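Please read the structure below before turning to the comments.
The values are calculated or read from the model by the stated rules, or taken from the named source; none is laboratory data. These numbers come from a predicted model, not from an experiment. FYI the Cβ positions are ideal-geometry reconstructions off the backbone, even for glycines, and counts take in every protein chain you see. What goes into the accessible areas is simple: the full protein's heavy atoms, side chains included, and nothing from ligands, DNA or RNA. Shrake-Rupley method; radii C 1.70, N 1.55, O 1.52, S 1.80 Å.
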Amino acid sequence: MFILFLGPGYYFDAVVKRMTEQTVLVVEDDPEIREVIRLYLEKNNYRVLLATSGEEALQIAEAERPDLAILDVLLPGRNGFEVCRELRAVSPVPILFLSCKKDEADKIAGLNLGGDDYITKPFSPNELMARVRAHLRRPHLAAAEQAGGQPDKLVVGHLRIDRLSRVVRVNGQEVTLSRKEFDLLSFLASRPEQTFSHEQLFREIWGQESFNDTRTIIVHVSNLRKKIEPDPSSPKYIINVHGVGYKFIAGGESHALKL
């Protein structure tokens with residue numbers, strides 16, 4: 001994919017055109033819920049793929065490579081968590097869980113497996129569409145930031161972030177991050193020493209209001225820190241500012257490279 005900047009209006013039109021081509025995989029065994037989601041997605045110009053089981057979802061995902069997956073947790077056969085684990089092993093596709101399981105432990109489990117978002121039933125179709133748009137819009141916004149002068153690579157202490165290839169290395173070893181983990185790290189690392197609230201981070205990374213959902217940010221930051229700060233002797237890059245949010249500090253000399 002490439003972006004040619006011919007003015008704000010042209011870029012907006014290009015993004016809208018690209019969004020009409022995006023594909024969403026809906027994995028839901030309840031026919032009424034599945035149909036409602038399908039209708040709303042098609043109304044918003046998305047191509048929709050439907051699956052009613054975990055096995056069918058994995059087959060479709062492998063063949064079609066969707067841009068986003070809406071994944072019910074309670075499915076016949078492989079449940080949504082198992083499907084997420086298998087998808088995450090081969091794809092960075094954004095995964096939005098949809099579940100009647102409201103316990104915080106279930107939400108944390110889904111996010112820890114690599115889910116990007118978690119909505120409980122009953123849900124507002126309009127809110128669901130807003131979250132779908134936010135997840136699918138974020139890569140385009142990141143590309144616009146990149147073209148607008150953000151450095152292609154950041155080297156901070158033992159940490160190297162390649163924003164073009166979306167590869168992160170710690171002490172020379174590549175670490176695997178989810179899409180949201182990478183976006184979160186890239187955003188914070190490019191703004192060192194600035195403190196951001198949970199609400200600000202949710203707006204920047206998820207592209208929407210948090211609806212007081214601090215747990216999603218906490219889980220993603222926790223998972224990210226485990227990967228870039230793998231042991232007690234590792235430099236501490238992401239700092240919790242008590243009662244406020246998070247900030248990124250350099251665990252060593254910081255260099256921004258435009259390559």
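Selection of the stretch 223-238 for residues being open to solvent by 50 Å² or more (accessible area, probe 1.4 Å) and of a type outside the set (D, E, K, R) yields P230, P232, S233.
Of the residues L87, L128, which is more than 23 Å from E32 (Cβ to Cβ) and outside the structural domain of E181 (by the TED database)? Result: L87 is the single residue among L87, L128 that is more than 23 Å from E32 (Cβ to Cβ) and outside the structural domain of E181 (by the TED database).
Inside the stretch 32-47, can you point out the residues that are in contact (Cβ under 8 Å) with a residue 24 or more places away in the chain and either open to solvent by less than 30 Å² (accessible area, probe 1.4 Å) or assigned to a helix (DSSP H, G or I) (or both)?
First, pick out the residues of the stretch 32-47 that are in contact (Cβ under 8 Å) with a residue 24 or more places away in the chain: 33, 36-37, 40-41, 44-47.
Within the stretch 32-47, I33, V36, I37, Y40, L41, Y46 meet the criteria.
When residues in the stretch 162-202 are screened for being surrounded by fewer than 21 Cβ atoms within 10 Å (Cβ to Cβ), hydroxyl-bearing (S, T, Y) and touching a residue at least 40 places away in the same chain (Cβ under 8 Å), 4 of them pass.
One residue stands out in the stretch 92-110 among those that are modelled with pLDDT under 90 and touching a helix residue (DSSP H, G or I) at 6+ places or on another chain (Cβ under 6 Å): the one that is surrounded by the most Cβ atoms within 10 Å (Cβ to Cβ), namely P92. For the stretch 98-117, a residue qualifies if it is in a strand (DSSP E or B) and over 12 Å from the mean Cα position of the chain (by Cα), and the qualifying residues are L98, S99.
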